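What follows is a single structure, written as structure tokens, with notes after it.
Any read-out appearing in this document is the output of simple, stated calculations on the displayed coordinates, not a laboratory observation. The structure displayed is predicted, hence computed values, not measured ones. Here the Cβ is made from the backbone with ideal geometry for all residues, glycine too, and neighbour counts use every protein chain on show.
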There are 2 protein chains.
Amino acid sequence: MTVPKLDLVLERIVDVSPELVWKAWTRPEHLKHWFTPRPWTTVECEIDLRPGGIFRTVMRSPEGADFPNLGCYLEIVANRKLVWTDLLEPGFRPARREPGPNCPFRFTAVILIEPHGSGTKYTAIVMHEDEQSRKRHEDMGFHDGWGTALDQLVAHMTETGEGT
Amino acid sequence: MTVPKLDLVLERIVDVSPELVWKAWTRPEHLKHWFTPRPWTTVECEIDLRPGGIFRTVMRSPEGADFPNLGCYLEIVANRKLVWTDLLEPGFRPARREPGPNCPFRFTAVILIEPHGSGTKYTAIVMHEDEQSRKRHEDMGFHDGWGTALDQLVAHMTETGEGT
């Protein structure tokens, strides 16, 4: 149930299996390869895959500045659905940091993964607190950013293969 | 794992079973009887007991003013643990309302229910975003308020009995 004025949505058919998309999102050794559009990199990733568990990343800019992100998983349906938010810290604790230069908005993200032929129908829904946050996220390049990251996910997981 | 400067905690041994405490918290027809220290009343209660499900109440002041609360369940362990937050709306959507006169702070609440003899060790932990919110909640009478509500819970469930 999306709300157009508050949500950003990326929907794509990709040519990797739901199982590989799931691995890409839930294993740090994979996620680091694709999560941040190059030349940015993801230099740290911590995943505790249970409701209330930590989802933490550190993104590094081409200039070498680090941008930490701390969130908490909310719903986990293996190979189908992943939900997390940065409004809560691990253990569902209200996030302590204030929105600032490194965190201009907060959101809950829902990744939906559905079988589609031999590939996957991939839907990312990002829900914001207000219209201003949604607009800021869109202006920062949500569609390009999440789209490029998804391209990187597909390339990495295709190379890595089912055996991983 | 509590953080003293951010959390408020009420811990009590009560003389009703864990199962009755659970019913009191999870069934609207019970919750309305005890949730708000009298002469305040709880005039509406909506419960969808699953992660992401709605927890909504309306409290009415003695003067007849209504104060709505909207939140979302996060973790549900029957007869043992209940977690919800008002930082998120149903479906884990970031809460849209701004803190204001009706909502001076936001929180995640954890209710722990443990068997203790024929009764229950009852622990309510309320986690806040910052020290100021914790203090405001304490100054509004957290301990008296939640303690009185618990007294009302015990009285109501004792009267209602195990058969409900």
**Request:** Could you check the simple spin-label distance between B:THR123 and B:SER61, using points 7 Å along Cα→Cβ, in nm with one decimal?
**Result:** 3.5 nm
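Find, among the GluC sites (Glu not before Pro) in region A:37-144, those assigned to loop by DSSP (not H, G, I, E, B) with at most 13 other beta-carbon atoms within 10 angstrom. List each step's numbers first, then the result.
On the way: sites: A:GLU44, A:GLU46, A:GLU63, A:GLU75, A:GLU129, A:GLU131, A:GLU138; in loops: A:GLU63, A:GLU129.
Within region A:37-144, the qualifying GluC sites (Glu not before Pro) (loop, at most 13 other Cβ atoms within 10 Å) are A:GLU63.
Packing-wise, with mean Cβ within 10 Å as the measure, how do B:153-160, A:154-161 rank, highest first? The partial results should precede the final answer.
On the way: B:153-160: 16.9, A:154-161: 15.1.
Ranked by mean Cβ neighbours within 10 Å, highest first: B:153-160, A:154-161.
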**Message:** Give the average, rounded to an integer, of partner chain Cβ atoms located within 10 angstrom of each Cβ in B:123-134.
**Reply:** 2
**Asked** In Å, what Rg and Dmax follow from the Cα atoms of the protein assembly as shown?
**Response** 21.9, 67
**Request:** Could you calculate the FRET efficiency of B:ASP151 with A:ARG50 from 1/(1 + (r/R0)^6), where r is the beta carbon distance between them and R0 is 22 Å, rounded to 0.05?
**Result:** 0.05
**Message:** So if a site counts as exposed when it's one of the trypsin sites (Lys or Arg not before Pro), its DSSP state isn't H, G, I, E or B, and it has at most 15 other Cβ atoms within 10 Å, what's the longest stretch of chain B without one?
**Reply:** B:6-79
**Fill in**
Here the relative contact order (percent) of chain A, from C-alpha pairs under 8 Å and at least 6 apart, is 29 percent
**Asked** When you look at the Cβ of every residue in B:70-77, what mean number of other chain Cβ atoms sits within 10 Å?
**Response** 2
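As a test of the formula, what do you get for the protein assembly as shown when each DSSP H run with n ≥ 4 contributes -39,500 (n - 2.57) and the sum is divided by the residue count, at 222 nm and rounded to the nearest 500 deg cm²/dmol?
Details: 8 runs with 88 residues, N = 328.
Calculated at 222 nm, the ellipticity per residue is -8000 deg cm²/dmol.
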**Message:** Assume the label is 7 Å from Cα along Cα to beta carbon: what separations in nm does B:GLY145 have to the matching positions in the other copies?
**Reply:** 3.7
**Fill in**
Pseudo-spin-label distance B:GLU159 to B:THR2, built 7 Å along Cα→Cβ, given in nm, is 3.0 nm
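So what is the relative contact order for region B:58-142, in percent, with contacts set as C-alpha pairs under 8 Å and at least six apart? Write down the numbers at each step before the final one.
On the way: 126 pairs, mean separation 16.6, N = 85.
So the answer I get is 20 percent.
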**Request:** With label points built 7 Å along Cα→Cβ from the Cα atoms of A:LEU112 and B:TRP40, find their separation and express it in nm.
**Result:** 3.8 nm
**Fill in**
Taking every alpha carbon pair in region B:1-77 and sorting the distances into 10 angstrom bins from 0 up to the bin holding the longest one, the percent per bin comes out as 17, 38, 39, 6
**Asked** Taking a label point 7 Å from Cα toward Cβ, how far is A:GLU114 from its twins in the other copies, in nm, shortest first?
**Response** 4.5
**Axis-nearest residue in chain B [Cβ, rotation onto A], distance in whole Å** = B:LEU87, 2
**Request:** Enter the mean number of other protein chain beta carbons within 10 Å of the beta carbon of each residue in A:82-88, as an integer.
**Result:** 4
**Prompt:** To one decimal in nm, how far is A:ARG60 from the same spot in the other copies, if labels go 7 Å from Cα toward Cβ? Please give the shortest first.
**Reply:** 6.1
**Asked** Can you give me the Cα centroid spacing of region B:1-16 and region B:38-65 in angstrom?
**Response** 22 Å
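For region A:26-164, what percent of Cα pairs sit more than 24 Å apart? Could you put the intermediate results ahead of the total?
On the way: 2832 of 9591 pairs.
For region A:26-164, the fraction of Cα-Cα distances above 24 Å is 30 percent.
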